Each structure stands twice: as C-alpha cells, then as structure tokens.
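The values are calculated or read from the model by the stated rules, or taken from the named source; none is laboratory data. Here the structure is a predicted model, which means the values were calculated and not measured. When we count neighbours, we look across all protein chains shown, and the Cβ atoms used for this are built from the backbone with ideal geometry, even at glycine. Calculation scope for accessible area: heavy atoms of the full protein, side chains included, ligands and nucleic acids excluded. Shrake-Rupley method; radii C 1.70, N 1.55, O 1.52, S 1.80 Å.
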Amino acid sequence: MADEQAVLNLANTWLRLDKDPKTRKEIQDMLDGNKTAELRDRLCERVAFGTAGLRAAMGAGFSRLNNVTITQASQGLCAYLAETLGLSKLQSMGVVVGYDARHNSTTFAHLTAAVFVSKGVPVYLFNRIVSTPTVPFTVVHVGAAAGVMVTASHNPKQDNGYKVYWSTGCQIISPHDKGIANQIDLNQEMWPVDDVLDSQTLRIKPNDLIRDRTDEMIDAYFNELRNRYVRHREANAESTVKFVYTAMHGVGYPFAVKAFEAFGLPPFIPVPEQIQPDPEFPTVTYPNPEEGRGALSLAIRTAEENGSTVILANDPDADRLAVAEKQSNGQWKIFTGNEIASLLGWWMFECYKQNFPQSDNSKLAIVASTVSSKFLKALAEKEGMRFDETLTGFKWMSNKTIELESEGYTVLFSFEEAIGFCIGNLVRDKDGVSAAGAFAEMTVQLARQQITLSGKLEQLYQRYGYFVTQNRYFLCYSQPTIKKMFDNIRSNGQYLQSVGRFPIRFIRDLTTGFDNEQPNNTAILPTSSSSQMITFTFENGGVITLRTSGTEPKIKYYSELKGSDEHQTKEELAAMVDAVIRELFRPEEYGLIPPSD
C-alpha cells in the first residue's frame with residue numbers, strides 16, 4: 001500500500017496533468033480535506049487495459065475514466081500501432097473513432113481523435129452517435145489500422161468505456177492488449193494537441209486529417225445487410241405482425257428503423273419514453289435488456305396498449321438484442337439469449353439452404369462461446385455442419401470465424417448466451433441491429449405459417465432435443481472474497497467428485513489449465529490466471545460453469561441439461577443449480593448479493 005507521501009506525489013502529478021476544472025477540483029478537495037484513503041483509491045491503482053479495452057466509473061483519478069486516462073490510453077494505442085505497423089503505414093491506414101450517447105462519450109472520442117491527428121494519422125471520426133457495430137464494420141470497409149468505440153454498453157450510467165478493434169474488425173486479443181498497456185505506461189505525459197483540439201470545447205478543430213464518412217458508412221452497412229441477408233423482402237412488406245421496439249435510452253432507434261427498412265418490414269412501434277438517447281437512463285434501474293421483465297416493463301406496457309405480440313430491445317449501444325413474445329394465455333415470455341440463438345441459428349441455416357439448396361453442409365459452420373447452449377451443436381451435428389466453441393467473448397468468436405473462413409467454411413452464425421448475436425460476417429462482433437432485422441423477418445415468415453416463436457422453439461426441441469438452461473449471477477465487490485471462493489472450490493487441486501447428489505464426470509479449470517477430459521489433464525481452450533472460470537460436467541450430461549465477469553462485479557453461473565421431457569429436465573437442472581449455489585457459492589458465508597429481480 002502506498003504511503004501518505006507517495007499518495008501526495010500522485011495527487012500532485014494528477015493536478016499537473018489534468019486540465020479539466022471539474023476533475024481537478026475532485027482531487028484538490030480530497031487533498032484539502034486530507035482524505036488520504038479516497039486519494040489512494042483514486043490514484044494508486046490505474047484503470048486496467050485488457051482485451052475489453054477500458055471500462056470503469058467516470059471521475060477524477062488514474063483508476064477512473066476521464067480526460068487524462070482516455071488521453072493516455074489513446075497515446076498508448078497510437079504508440080503501439082506505430083511500433084507494430086510503422087508510423088508511415090499507420091498514417092496511410094488511419095483509425096476509426098465512434099461514440100455512444102453516454103456522459104462524456106463525445107469528448108472522449110474527440111480527445112482520442114486529437115491524439116492520432118497530432119501524429120499525422122487520419123481519423124474516420126463519426127459526426128454523431130453510432131451503434132457499436134458501425135465501428136468494426138467501418139474499420140474493415142475503409143481498411144483502417146484500428147478502431148475505437150467509446151461506450152460502456154449496458155453498464156450503469158456512471159460508467160464509460162473504450163473498446164478497441166484491430167484492423168480485422170475484431171476486438172483485440174493477446175498480445176495486443178499487453179502491448180498497448182505497456183505503451184500506455186510509457187506515454188503518461190500529455191502529448192501536445194493544442195493545434196488540433198479546441199482547449200475550451202474539447203472538440204477537434206477543422207483538419208484535413210479528420211475524415212467524416214458517417215452517412216457513407218451507415219449507408220454501406222445497410223446496403224450490405226439488404227443485399228446479403230434479406231431473404232423475403234416482398235413478403236415482409238405484407239406483414240401484419242406488430243413489433244414494439246425499445247432502444248433502452250441508447251443509440252439504437254435510427255439504426256433499427258433502417259434495419260426494418262432494409263428488410264422491407266412495416267415500421268415498428270417505438271417505446272416513446274425510451275426511444276431518445278439519454279445518458280441518465282431515467283426509466284430503468286439497469287439499462288440492460290438482459291435483466292428481463294424489469295428492464296422491459298415499459299415495452300410490455302406499450303405492446304399491450306398497441307396490440308403488439310412481439311418486443312425487440314437493443315441495449316444502449318445496440319450490439320445486443322432481447323426478445324419477448326405474448327403467449328396464448330396472455331402472459332409474456334422473455335426469451336433467453338440461448339433461446340434467441342436457437343431460433344436465429346436455425347433461421348440462418350434455413351435461409352442458406354433455401355438460397356443454396358445444393359450446398360455442402362459440411363462446409364457450413366456455427367460458432368458459440370463455451371458457456372452458451374449446446375442446442376446449435378446438436379443441430380449442426382444432425383445437419384452435417386461444423387460447430388466450434390471458444391472462450392467467452394466475441395473477440396474469440398470473431399477470430400475463430402476468420403480462421404474458419406480461411407479453411408473454406410462459411411460461418412452462418414455466432415453467438416453468446418448474453419444476448420449477443422452475429423449473423424454471418426457482416427460485422428466481426430455482436431450486432432443487435434442486423435440481428436433485430438433478421439429476427440423480425442423470421443418472425444414474420446413464421447407468422448405466415450401460423451407459427452409463433454414459442455411454437456417454433458418447441459418444434460426445434462422436438463427435432464433436436466430439449467436443452468434447458470438456467471443462467472444467473474451474484475454480485476460481489478470484493479476480489480479477495482472471489483479468490484477465496486474459487487480457491488475453496490479448487491481445494492489445492494483436490495477437486496470435488498460430486499455436488500449434492502450429482503456426481504461429477506469432468507472438471508475444466510481455465511484459470512489453472514486443468515481439464516481431466518483431455519490427455520494429460522491439460523485444457524485445450526486458452527487459459528488465464530487473471531480471471532476465474534471452472535466448468536463441471538456431470539454424469540447426467542449437465543454442464544455448469546462458474547466465472548467472473550470481465551466488466552462487472554459479478555460471479556456468473558451458466559447451466560444446461562439436455563433431456564427428452566421438458567418438465568423433468570427443468571426439475572433436474574433446478575436441483576443441480578440449487579446444489580451448486582448451496583455448496584459452491586455459499587452466498588451467506590461469502591456475502592454474495594443476488595440480483596434484485
């Protein structure tokens with residue numbers, strides 16, 4: 001722990017670097033009030049740069065996101081790209097910078113652009129807020145060296161983030177994250193940007209190196225979506241299905257409108273209270289449609305008022321998609337990410353076969369994260385396709401897609417259970433905009449056959465098997481507590497042989513690299529000692545994974561069991577999850593907090 005003088009030195013360094021009166025005052029007030037503990041919290045730990053880029057609360061100090069830390073991150077990224085590619089190549093390729101509607105996002109984007117322009121690097125800077133998928137699409141389309149999206153996705157309003165894409169359009173993976181982090185450490189002093197950035201407004205001055213291709217790139221995205229993935233445009237136009245859509249106070253509304261236009265669908269009904277961007281997210285506790293009924297309550301009310309039977313919801317940066325459907329009994333079913341993926345994955349396969357009836361299924365592929373449902377694996381196996389798993393996160397899935405394409409495969413669909421979906425390779429990341437359009441088209445075509453979404457899901461289960469899932473999380477704000485919990489599970493390598501009445505067949509620990517399903521007990525998937533992830537495969541075929549989140553203070557669990565009878569399978573899985581919570585999570589002992597709903 002840093003002593004008082006070290007903390008004071010860091011505070012003085014901060015005040016020297018920071019030109020923002022608001023954040024300077026935060027630190028100065030702590031100094032004046034001798035609040036050493038608060039200063040230590042703000043200054044002694046730097047916000048960590050990893051494969052997810054940066055994500056943290058906004059505020060003063062090196063542990064928060066602010067003008068100083070965003071500038072330093074941009075300097076590190078610029079230096080790493082120049083070191084890796086050569087400055088002249090970086091200057092010929094340029095970078096893409098986008099931003100969402102959160103507090104400070106526009107400023108952070110302009111600070112980022114200023115850093116690159118100061119080194120003679122062209123910046124494709126959007127002139128307004130955009131969906132996150134627009135950035136990786138643009139990176140590939142213009143041949144940029146990298147892309148930055150300023151967003152914290154569905155995090156609480158006090159957070160923001162800095163998401164980095166490589167020239168492939170994929171999020172960065174190792175070793176790029178470590179190389180960028182190292183260059184951030186080497187580039188702490190502020191680079192001179194007075195010639196390119198207005199010091200009062202913190203907006204880029206007119207400059208030939210700023211390339212505004214906003215409208216062109218958005219048009220290109222939707223043209224490609226329409227030309228490659230729309231299958232029933234004329235029939236879509238005749239639809240009588242009423243969709244309600246919510247942008248969850250984010251950027252999604254104009255993009256969802258264009259998606260419906262691309263698919264030839266009649267306009268949806270927006271949730272009026274949530275359609276305009278608002279960084280305060282005033283109508284929801286958490287701006288995350290994955291949270292379920294609480295986040296979708298206004299959408300359900302709007303649907304009831306308008307006689308709508310299907311709800312589509314994007315998260316605030318429009319890279320995720322949630323779906324709900326009114327059932328015959330009048331209740332609303334909110335589909336899990338796995339259920340949405342089961343439907344969308346089947347639909348992408350169905351559309352491909354309609355377009356290419358003589359195609360070789362063995363050269364088709366589906367990709368999923370390892371904690372996601374194995375339903376599409378069963379579908380792929382039965383239909384003669386390839387199915388690949390990766391670590392959690394689209395950075396892994398998108399790179400796997402590129403690898404498969406290089407081997408001659410066509411990747412139809414990739415997904416993660418956390419309502420993240422990618423149709424084909426339009427974008428090398430999850431994309432809630434194209435997914436919303438494709439899902440709406442599927443819904444319309446099923447409705448023409450008098451089949452509901454729930455009805456189609458039941459048909460698929462009857463053909464490929466019932467896959468019951470139960471995924472939730474506990475909140476934990478103490479890293480030592482999290483470590484203690486997982487250390488106790490590992491028990492110095494003497495792993496459990498059963499949980500409750502359920503015997504364990506295999507254990508895979510991607511923190512330590514242990515996997516007793518593989519030769520020499522060595523895991524095939526990449527391992528990382530900096531995160532916690534253990535998967536238990538039980539004798540009854542059930543799989544339960546425990547892992548920490550990389551962006552939120554959560555310990556998540558993912559569970560799935562396949563069976564022939566839905567009711568019995570649900571009961572069996574519920575008993576398994578109860579045993580895992582009771583014997584492994586031990587929430588009362590560790591002080592874990594269950595989700596509010």
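Here are the numbers for this structure:
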read-out	value
Dipole-positive endmost among F126, L17, N521 within the chain (Cβ charges, Cα centre)	N521
Counting DSSP beta bridges with both ends in the chain, the antiparallel % (nearest 5)	70 percent
Compactness relative to 2.2 N^0.38 Å, alpha carbon Rg of the range 299-407	1.27
Dipole moment magnitude, nearest 20 debye, the range 170-294 about Cα centre, only Lys, Arg, Asp, Glu C-beta charged	620 debye
Cleavage-rule hits (chymotrypsin sites (Phe, Trp or Tyr not before Pro)) in the range 389-496: DSSP loop, at most 16 neighbouring Cβ within 10 angstrom	Y477, Y495
Dipole moment magnitude, nearest 20 debye, the chain about Cα centre, only Lys, Arg, Asp, Glu C-beta charged	300 debye
Pair Q327, S498: separation of 7 Å Cα→Cβ label points (nm)	3.4 nm
Radius of gyration, Dmax [the range 227-360; alpha carbons; angstrom]	15.6, 52
Centre separation in Å (Cα based) which lies between the range 346-403 and the range 212-234	23 Å
Percent of alpha-carbon pairs separated by more than 21 Å within the range 497-597	40 percent
Cβ-based charge dipole, the chain, positive-most Cα from S596, M485, S434	S434
The range 75-222, relative contact order [Cα under 8 Å, separation at least 6], %	31 percent
Computed [θ] at 222 nm, helices only, for the chain once each DSSP H run of length n ≥ 4 contributes -39500 (n - 2.57)	-12500 deg cm²/dmol
Accessible area (Å², 1.4 Å probe, nearest 10) - L525	30 Å²
Exposure ranking of T283, T390 by accessible area [1.4 Å probe, largest first]	T283, T390
Value in Å of the Kirkwood radius, where the chain supplies the Cα pairs that are averaged	25.2 Å
Segment D487-D215, extension gain: residue separation times 0.36 nm, minus the distance between their alpha carbons	92.7 nm
Gyration tensor over alpha-carbon atoms, the range 474-548, equivalent ellipsoid semi-axes in Å	20, 16, 11
Dipole axis of the range 442-542 (+1 Lys, Arg; -1 Asp, Glu on Cβ), positive-most option in T535, I451, V499	I451
Within the accessible area of the range 210-342 (1.4 Å probe), percent carbon and sulfur	46 percent
Extent along principal axes [Cα atoms of the range 435-528; Å; largest to smallest]	58, 34, 30
Cα-centred dipole magnitude for the range 399-438, charges only on beta-carbon of K, R (+1) and D, E (-1), debye, nearest 20	100 debye
Qualifying GluC sites (Glu not before Pro) for the range 190-238 [loop in DSSP, other Cβ within 10 Å: at most 16]	E238
Residue-normalised accessible area of the chain, expressed per residue, 1.4 Å probe, Å²	41 Å²
Gained length - S564 relative to E381, 0.36 nm times residue gap less alpha-carbon distance	64.1 nm
Solvent-accessible area of E350 with every protein chain in place, 1.4 Å probe, in Å² to the nearest 10	60 Å²
